[in-house]
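Bear in mind that the values in this text are calculations on the coordinates, not laboratory data. Predicted model, so just to flag it, every value in this text is computed and none were measured.
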Amino acid sequence: MDYYGSISELLAQGFWDEIREGLKAIELQPEGHHFDASGLRRVNLARFPFNILYVVKADRIRVQVIRHNSRRPGFGTKRKDR
């Protein structure tokens, strides 16, 4: 958010809106998204080079990380409570 906000408030808002859309897609169809190499489910943002990695638990959906597509590929994949 800081990075996109330093360029434009409109761009930062667009980024936030896409994150919210991704989270809504997960909420509506939690088991409908593909697994990535880490074994977590993944939703890609359409306009920005980020993805949301999450796991479906019996009683909740846990977002593990929102990360850049090409920076630090293992970031957030080894967190506890998977």
statement: Log entry: pair-distance distribution for the chain, C-alpha pairs binned every 10 Å from zero, whole % per bin is 17, 49, 28, 6, 0
field: Nearest 10 degrees, 0 to 90: helix 9-28 Cα axis against the chain principal axis
entry: 20
- prompt: Using modelled backbone amide H atoms (1.01 Å from N, in-plane), which distant-in-sequence or interchain residues come within less than 5 Å of Leu45's amide H?
  reply: Phe50, Asn51, Ile52
